[in-house]
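Okay, so here's the structure we're looking at.
The values are calculated or read from the model by the stated rules, or taken from the named source; none is laboratory data. Because the structure is a prediction, the values reported are computed rather than measured. Heads up, the Cβs are rebuilt from the backbone with ideal geometry, glycines too, and the neighbour counts pull from every protein chain shown. When the accessible area is computed, the model is the full protein with side chains, heavy atoms only, and any ligands, DNA or RNA have been set aside. Shrake-Rupley method; radii C 1.70, N 1.55, O 1.52, S 1.80 Å.
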Amino acid sequence: KTAGKLLEHAFYCHRLPERSFFIAGYQLPVCSRCTGILIGYLSGIYAIIIGCQVSFHVPLLLSVPLVIDGFGQHFGRWKSNNLRRLVTGILFGFSLFILVKLMAVMGYCQGQRIGIAIKTLISGGSL
């Protein structure tokens, strides 16, 4: 029960019954899209652990279906279903973790270059 409250607040989830999954008559603590995002987060962490390498464009492309589905539903173009919400959530959650990993690696590499440049300047060398 505490974990459910934590998920509910961590995702700022609306928990609408018609947009949530039920197991044995009990509503999950977050809606189907947030459930998908959580599964995507876990999948992204696993992909990072096993050393998955992807280009910068892949996570950006994987997040597009959620944006399209979310805006389409918000502006009344269509009514999404729980399976679509789950799948787009998984893609988005996965892409978010991969994107964070890529940005961390880029930041680390840039920091390495800056560190070498500063070390060279301090030791009297030129860039």
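Can you show me the helix-derived [θ] at 222 nm for the chain, built from DSSP H runs with n ≥ 4 at -39,500 (n - 2.57) apiece and divided by the number of residues, rounded to the nearest 500. Before the final figure, lay out each step's value.
Numbers: 4 runs with 86 residues, N = 127.
The per-residue figure over the chain is -23500 deg cm²/dmol.
Comparing 63, 80, 43, which has the greatest mean-square fluctuation in the GNM of the chain with Cα pairs linked when under 10 Å apart?
Answer for the Gaussian network model of the chain: 80.
Which percent of Cα pairs goes in each bin when the distances of region 78-127 are cut into 5 angstrom slices starting at zero?
Answer for region 78-127: a P(r) of 4, 18, 12, 12, 10, 8, 9, 7, 6, 5, 4, 3, 2, 0 percent.
What percent of all Cα-Cα pairs in region 16-63 falls in each 10 Å bin, counting up from 0?
23, 39, 23, 15, 1
Just name one of 24, 45, 92: the one whose Cα is farthest towards the positive end of the charge dipole of the chain (beta-carbon charges, Lys/Arg +1, Asp/Glu -1).
24
Expressed as an acute angle from 0 to 90° and rounded to the nearest 10, what is the orientation of the C-alpha long axis of helix 57-74 relative to the principal long axis of the chain?
30
Work out Dmax and Rg for region 37-88 from the C-alpha atoms and quote the Rg first, both in angstrom.
For region 37-88, the Cα radius of gyration and maximum Cα-Cα distance read 13.4, 41 Å.
Could you compute how much accessible surface residue 116 exposes when probed at 1.4 Å, giving the result in Å² to the nearest 10?
Surface open to solvent at residue 116 totals about 110 Å².
Where does helix 32-49 land angle-wise versus the long Cα axis of the chain, in degrees 0 to 90, nearest 10?
30
Using the Cα centre as the reference, give the magnitude of the dipole from point charges on the C-beta atoms of the chain (Lys, Arg: +1; Asp, Glu: -1; all else neutral), rounded to the nearest 20 debye. Spell out each step's value before the answer.
Numbers: 12 positive and 3 negative charges, 28 e Å.
Computed about the Cα centre, the dipole is about 140 debye.
Could you run the Debye sum over the Cα atoms of the chain, one equal point scatterer each and no solvent, and tell me log10 of I(q)/I(0) at q = 0.13, 0.18, 0.19 Å⁻¹, two decimals?
-0.65, -0.98, -1.05
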